[in-house]
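A quick write-up on the structure given underneath.
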Amino acid sequence: MPPLSPDALLPLKDLVFRILVVLGTGERHGWGIARSLTDAGGERVLPGHLYRTLDSMLDLALIDERDEPTDDTARPGARGAAPTRFFRLTAFGRKVAVAETTRLEALITRSRAAGFAKAKAR
Amino acid sequence: MFARALYRILLLAFPADVRRRRGAAMAAMFVEQSTELRGRPVAQARLWVSAVGDAIAHGLAPRVRMTSPPRALWDALAADVRYTLSSARRSRGFFATALITFGLGIGVTTAMMSAAYAVLLKPLPYVDPDRIVQLWREHPGAPAVPGDPVIDNVTLYAWRDHLTSLDQIGLFGQRDYTVRFAGQGGDTIRAHGAEVSPAIFEILGVQPQLGRLLVGADDVPGHHDFVVLSDRLWRERFSASREIVGQTITVDDRPQRVVGIAPPGFAFPDGGALMWTPFDDPTILDKTAQGGIWNGSALGRMAAHATLAQVAGEGTAIARAMPPTPEYDILYGAGAPVEIRARTLMAQTTGRVKPAMLVLVVGVIVVLLVGCANVTNLLLARGVARERELTLRTAIGASRGRLVRQLLTESLVLATGGGVLGVAIATILLKAAASAASLSVPRLSAVRMDGTTLGIAIGLSCVVALIAGLVPALRGARVDLAGALRGADGAVAGGFRGQHAHVLRRLLLAAETALAVMLLVGAALAGRSFLRLIQVDAGYTPAGVLSVRTFAPDSATPEQYGAFMYGLTERLRTDGRVVAAGAGNMMPFSLGTTVTQFQVPAAAGKGRDVLTRVAIYVVTPGYAEALSLRVRAGRFLHASDASAGTSRIVVNDEFVRQYLMPDRVIGVQLPPRRAGLPPMEIVGVVAPQYKDGNDRPVLPEMYVIASAAPRLGGNEIDVLIKSTGDPSALVGTVRELARDVDPSMVVGEAIPLDRRLQDSVSQPRFAAGMLTMFAVVALALAAIGVYGVLSYSVSQRARELAIRAALGAQRGRLVGMVFLEGLAVTAAGGAAGLAASALVTRLMTSMLFGVSPLDPVSFLLAPLALVPVAALACVIPAAAAARTNPSVMLRR
């Protein structure tokens, strides 16, 4: 894929950005990403949706994956002998996440100026 | 794991390379998600439904764009559809039949599944409804407590202070209120509603749309005159005025302040609830009232990660830690140590109707399968006619896959057309169902044609297209080029002719017949069960009796009760249309059951001292006549019994059976119910009144005559009037006379007693009716199938039959030959159906009354219905066979 400028991908699809945020704190395998997404209070994501999004993020070089050979340490979600694949952000992915965050921050600032912010709890 | 295997099937929707790379991870993830919901079947079902959607949206959708160059695929599909439509124009009869069959099948099935979803699966309209549980108290082994399951306040308050497996717990009790409206024509209505502790609203997760709901501070004993109105009552009676909040309205002759309006659609505990007041536990004010024990229904919200077993265990432990008092045995019966039970609110709401609903869903799927089998047969028969065309296409170079796709498209077009027709039929059926819904099938009134229903219809159409179309499509693609182009006349193994196809058609017919017979047996069982139910001698005769519920204001004195009961019944008796009139505190199908405690000393009874409770009727003498109670021994009560030395009572057979010796009943004396009263003397025995319905257990009952100042245990007076003609004609008179005798009494519902009885059996009647309709439709479809296949067979063998006739075979023998062929198939199918029924009807046990699942009469009725229909279906083509004109045939 020819290198794109980060801004070319904005605005990001909701799930894509959420995955980038999750991976920002460290690499994860597929099930770990799903768990982190729901733990953060989001809606449950189903496998088809998740992996299709991950595949398209791979195509866009936002993330890359590596094989983790199975071993005996108990890993949540590891069942049977399927090799677990770990996903992590690429440098480009990081840049895109930063760009999207900047965009959203600008949006929030304008929204606050319009008086839409909830009153901050003391 | 089963779930993993099932999910692997869903994965087939995804492209092959995605399956290869991600399949294992996706399956593992789904299994994790499903395991997290273990123990919550409804949430799991919803997860599966979402997974199917996920597979379609992210598996199939990209595929359609990805396989062949998109343009080519779309063009090919369009060509197939165009071709199908043009051949539809040419074979109108076939397409019409197939369309109607599909339409009926899909329509009926969609309606039934929608209804089942609305009643059984749709989550209750509360926050996180799977975590709401109903709690109640049982003494195992003791005779059943009449009415809804309840728990006592002492246990509940103790539990409330030590909640672990529950976050919240609260009491409620259904009741009716008398609301008086001021202003011109101010009328009085009886509104159904419930008393609730404030925790109930929190458990349900309800937010008011105006004002507030009840809070703890409202629950001050004796001063809790606050009320929450339902959205419906607010709109209908208060014109949705926002000023109503904070004003007072007159409820039960007391001013009560409206504190808030519930959100639209909120109706707890049932659809008819219009208002809510704080729960009135009189033992809060007076700890000695009724021994300090008061009952109510209870709801709780389970803590996260708690299970039903934990909740029940915790409650049982607390209940057993309470000091035992004799009042518990009186209220709940003496039995094994107390148990507290819990089940989800959903199970409580749908429990009674679930078995019947499931049977109906299975029944309707059977009808759909019969329809599919019919269309498959039609497609197979038609396939023969198109054989030349298909062989031609193969010769020109169409691949097998191409042919299969063409034939599948045909059945898809048919199924789509059928689906559209089906949606129309389902809409009509659902409207009818919603308007005919009654309280015995909960939540049915909310069913309608919406997104879910549409989704069901689409899904069914696809499944149906696949089932009906697959076999003919696969057969059609198996074309024998050389043989067919040679014009060989049958006996080619493969394609639409030949042995295999012949056997297949017969097999389908036999299967259809078997399925139809199974439905017939099911319908016969349900029908006989319903008949048994209404033929039960319920201890009273409802025919010609008008039942009137009246309510006294809270301020009424016992003298007022007495004056009203005797005054009204005397005035009624002067009317020429009235045969008998009586009044009492309970009548058949009244909601609550008044009980009283009593003792049977060992000497009088079965050799053991008994202290327990019994349902008590306080009645005027005319009551027995009005209901035609069956007097088994002795006599019923007279007016003179009201002022005798002893307190005269009449008991029922069940009372005698449980507490007395059969030969020592009349004249037996029992200690008085309360100190200071004369002892009780039994003067008669009557048959039990099946007060709660013909299928509920009978209770021991006691009748006492109403004195001039009777204590009824409630403020409801039920008046029963036996009329010479139509009981409804008396309604106006009753209301007038009641107003004359005592205008402060509110006259509520006045309907014939027969109607109450019919309402109580409306669920079994609904089930029996639906199953009969399914059976009739399936039988008709099977008969059409038999007729179709036989006619086709006759036309195929026209040459053969003509030759036989020319060679001298009798008409009769030809007819007989065809006839027997048809009967053989139906007989085989019928026998298979009976055998399958014998295995399967045990699943219907919980919805049958007085009829065993292997009831011989029902099993006999099914073939009895099948034989004439099958015979008719065979006779017509057989007669056509007999009419074959040899010369015409041979010239062809």
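The values are calculated or read from the model by the stated rules, or taken from the named source; none is laboratory data. Owing to the predicted nature of the structure, the values given are computational and were not obtained by experimental measurement. Neighbour counts run over all protein chains shown; Cβ positions are idealised from the backbone, glycine included. Side chains are part of the model used for accessible areas, which takes the heavy atoms of the whole protein and leaves out ligands, DNA and RNA. Shrake-Rupley method; radii C 1.70, N 1.55, O 1.52, S 1.80 Å.
Observations on the model:
- Principal-axis tilt of helix B:2-11 within chain B, Cα atoms, nearest 10 degrees: 50 degrees
- Average beta-carbon neighbours from other chains, 10 Å sphere, peptide B:11-23: 2
- Extension gain for the segment B:VAL463 to B:VAL875, taken as residue separation times 0.36 nm less the Cα-Cα distance, is 144.9 nm to one decimal.
- Taking 0.36 nm per residue of sequence separation and removing the Cα-Cα distance, the B:GLN310/B:SER640 pair yields an extension gain of 113.1 nm.
- A compact globular protein would have a Cα radius of gyration near 2.2 N^0.38 Å; the ratio found for the protein assembly as shown is 1.19.
- Distance-filtered residues of the stretch B:509-551 - backbone nitrogen under 20 Å, label point 7 angstrom along B:ALA835 Cα→Cβ: B:509-522
- In this rough spin-label picture, where each label sits 7 Å from Cα along the Cβ direction, the B:ALA96-B:SER744 distance is 7.3 nm.
- Listed residues B:GLU195, B:GLU410 arranged by accessible area, highest first, probe 1.4 Å: B:GLU195, B:GLU410
- Measuring r between the beta carbons of B:ARG883 and B:MET773 and using R0 = 41 Å, the FRET efficiency lands at 0.70.
- Each Cα pair under 8 Å and six or more residues apart adds its sequence gap; the mean of these over the residue count of chain B is a relative contact order of 14 percent.
- Helix B:762-796 and the long axis of chain B differ in direction by around 10°, with both axes built from C-alpha atoms.
- Separation in nanometres of the label points that stand 7 Å from Cα toward Cβ, at B:LEU507 and B:THR845: 3.4 nm
- Extension gain for B:GLU570 to B:LEU60 (0.36 nm times residue separation, less C-alpha to C-alpha distance): 175.8 nm.
- Across peptide B:26-39, the average count of Cβ atoms from other chains found within 10 Å of a residue's Cβ is 5.
- Per-residue mean of C-beta atoms belonging to partner chains within 10 Å, peptide A:53-66: 1
- FRET efficiency, A:THR90 to A:ARG110 (Cβ-Cβ, R0 30 Å, nearest 0.05): 0.50
- Along principal axes, Cα extents of chain B, largest first, whole Å: 108, 68, 61
- Amide H contacts under 5 Å for B:ALA633, placed H, 5+ residues apart: B:VAL685
- For the stretch B:733-870: relative contact order, % (alpha-carbon pairs under 8 angstrom, 6 or more apart): 24 percent
- Near B:ALA563: Cβ cut-off under 11 Å, other residues only, Lys/Arg at +1 and Asp/Glu at -1. The net charge is -3.
- Model label zone, B:SER707; criterion: amide N under 19 Å from point 7 Å along Cα-to-beta-carbon; scope the stretch B:516-558: B:556-558
- Angle in degrees between helix B:92-116 and the longest Cα principal axis of chain B, rounded to the nearest 10: 30 degrees
- Take the Cα of A:ASP64, step 7 Å toward its Cβ, do the same at B:ARG608, and the gap between the two points is 8.3 nm.
- For the stretch B:633-671, the list of trypsin sites (Lys or Arg not before Pro) that fall in a loop by DSSP and count at most 16 other C-beta atoms within 10 angstrom reads B:ARG635, B:ARG664.
- Remark on the stretch A:19-51: accessible area falls by at least 10 square angstrom from chain-alone to full-complex state for A:TRP31, A:ARG35, A:ARG44, A:VAL45, A:LEU46, A:PRO47, A:GLY48, A:HIS49, A:TYR51, probe 1.4 angstrom.
- B:THR596/B:LYS431 FRET efficiency (R0 45 Å; Cβ-Cβ; nearest 0.05): 0.40
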